[in-house]
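The values are calculated or read from the model by the stated rules, or taken from the named source; none is laboratory data. No experiment lies behind these values; they were computed from the predicted model shown. Neighbour counts run over all protein chains shown; Cβ positions are idealised from the backbone, glycine included.
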Amino acid sequence: MGMMDGRKGIIFGLANDRSIAWGIARKLRAEGAELAFTYLNEVFEKRVRPLAQSLGSEIILGCDVAKDADIESVFTEIGERWGKLDFVVHSVAYAGREELRQPFHHTSREGFRVALDVSVYSLVGITHAALPLMKDGGSVLTLTYLGAQRALPNYNVMGVAKAALESTVRYLAAELGERGVRVNAISAGPIRTLAASGISNFSEIFGIMEQRSPMHRSVTQEEVGKAALYLLSDLASGVTGEIHFVDTGYNIVGL
Ligand code: NAD
Ligand code: 0WE
């Protein structure tokens, strides 16, 4: 008897077995959820398809979240195959490599636009498209980072995007509560994933987590998965609009 038996959901943002989305997917599947996955393009498809299949998934679709038509066709397909949807996991973010390297005041208009389009607007577009399928209510979850609330070195336009994402969570939650659709975010501590690779001072960031966080260690994909299970399941039936930190307590300390 799983906590998610009979529940169907779609996960955006699986890239490989280090993705936060993978930690979430495994937990949801272990509790009986039926999962659909999307991947960005053929490069990602090669990794995503076998992972998704290993969790018994049959719906594995391409979707560039910067394209309205892609989002639309994903939910048309889900509608035809499942006819309903219980949850959505949005685990997608992107900013141009340059924007995370240069000083923040160098951010280009196009770099700003792309970061907010892919990392923030996508949650609006996806939630809108999912709504008609969430007939018995539903739960939407996204991933954010402390850089939304504090100015952190190099996070730059992604911090601005995450601030907008957290606000988007509140506006969606306020509006969709009466339809029984909850919208929340997990603010995860730093985790070594594809999106974290190529960030020059990542080892330093890990060292700081180990030194300064109340639990003196970093978080794991599995720990984010467990919190996601809570927010996506009936356990969190009274929780919406929340930014829930899963960061070994780092956000609460000052020094
Ligand atoms: P990841 O690289 O495994 O996942 C990011 C995903 O975004 C990839 O699957 C990529 O294909 C997808 N993506 C990028 N542009 C896209 C587009 N246009 N259309 C569709 N998909 C697109 O890395 P991750 O660390 O698991 O990131 C997942 C989420 O977690 C992101 O929102 C990230 O900001 C957030 N997060 C990460 C950390 C961390 O330290 N790794 C901490 C807090 C929050
Ligand atoms: O949200 C993120 C990463 C998001 C991300 C990462 C990349 C790297 C590759 C978005 N876009 C890109 N574009 C690329 O070209 N995190 C929370 C992980 C992260 O990223 C940082 C961090 C941390 C932590 C960037 C600078 C400083 C710290």
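Return yes when residue 77 is more than 12 Å from ligand 1 (Cβ to nearest atom), without any contact (Cβ under 8 Å) to a residue 24 or more places away in the chain and surrounded by fewer than 19 Cβ atoms within 10 Å (Cβ to Cβ) and no when it is not. Spelling it out, residue 77 is indeed more than 12 Å from ligand 1 (Cβ to nearest atom), without any contact (Cβ under 8 Å) to a residue 24 or more places away in the chain and surrounded by fewer than 19 Cβ atoms within 10 Å (Cβ to Cβ). The residues of the stretch 111-165 that are touching a Gly at 6+ places or on another chain (Cβ under 8 Å) and of a type in the set (Val, Ile, Thr), listed by number, are 114, 157. Within the stretch 3-11, can one find any residue that is within 16 Å of ligand 2 (Cβ to nearest atom), modelled with pLDDT of 95 or more and surrounded by 21 or more Cβ atoms within 10 Å (Cβ to Cβ)? Within the stretch 3-11, none of the residues are within 16 Å of ligand 2 (Cβ to nearest atom), modelled with pLDDT of 95 or more and surrounded by 21 or more Cβ atoms within 10 Å (Cβ to Cβ).
Residues in the stretch 132-152 that are among the aliphatic types (A, V, I, L, M) and crowded, with 18+ Cβ neighbours inside 10 Å were compared, and the one that is nearest to the chain's Cα centre (by Cα) is 143. Being away from ligand 1 (no atom under 15 Å from the Cβ) and in contact (Cβ under 8 Å) with a residue 60 or more places away in the chain is the filter here; which residues of the stretch 3-27 pass it? 3, 4, 7, 8, 9 - these are the residues of the stretch 3-27 that are away from ligand 1 (no atom under 15 Å from the Cβ) and in contact (Cβ under 8 Å) with a residue 60 or more places away in the chain.
Return a yes/no flag: does the stretch 186-202 have any residue that is more than 13 Å from ligand 2 (Cβ to nearest atom), surrounded by fewer than 15 Cβ atoms within 10 Å (Cβ to Cβ), on the phi < 0 side of the Ramachandran plot and among the small types (Gly, Ala, Ser). No, the conditions are met nowhere in the stretch 186-202. Going through (1) within 12 Å of ligand 1 (Cβ to nearest atom); (2) surrounded by fewer than 19 Cβ atoms within 10 Å (Cβ to Cβ); (3) at pLDDT below 95 one by one, residue 251 falls short only on (3). Scan the stretch 50-74 residue by residue and report those that are within 25 Å of residue 3 (Cα to Cα), surrounded by fewer than 17 Cβ atoms within 10 Å (Cβ to Cβ) and in contact with a strand residue (DSSP E or B) (Cβ under 9 Å, 6 or more places away or on another chain). Matches in the stretch 50-74: 53, 56, 58. Quick check: is even one residue across the stretch 179-191 of a type in the set (Gly, Ala, Ser) and farther than 27 Å from residue 114 by Cβ? So far as the stretch 179-191 goes, yes, one or more of its residues are of a type in the set (Gly, Ala, Ser) and farther than 27 Å from residue 114 by Cβ. Counting only residues that are within 16 Å of residue 58 (Cβ to Cβ) and under 9 Å from the mean Cα position of the chain (by Cα), the stretch 1-25 holds 1 of them.
Here residue 118 does not qualify as surrounded by 18 or more Cβ atoms within 10 Å (Cβ to Cβ), outside any helix (DSSP H, G or I), in contact (Cβ under 8 Å) with a residue 24 or more places away in the chain and among the aliphatic types (A, V, I, L, M). Is it fair to say residue 142 is at pLDDT 95 or above, within 25 Å of residue 22 (Cβ to Cβ) and not in a helix (DSSP H, G or I)? Yes, satisfied. Checking each residue in the stretch 32-44 for being surrounded by 16 or more Cβ atoms within 10 Å (Cβ to Cβ) and not hydrophobic (A, V, I, L, M, F, W, C) picks out 34, 38, 39. Selection of helices (runs of 4 or more DSSP H) fully inside the stretch 153-255 by the criterion of at least 3 residues being without any contact (Cβ under 8 Å) to a residue 40 or more places away in the chain and not small (Gly, Ala, Ser) returns 202-212.
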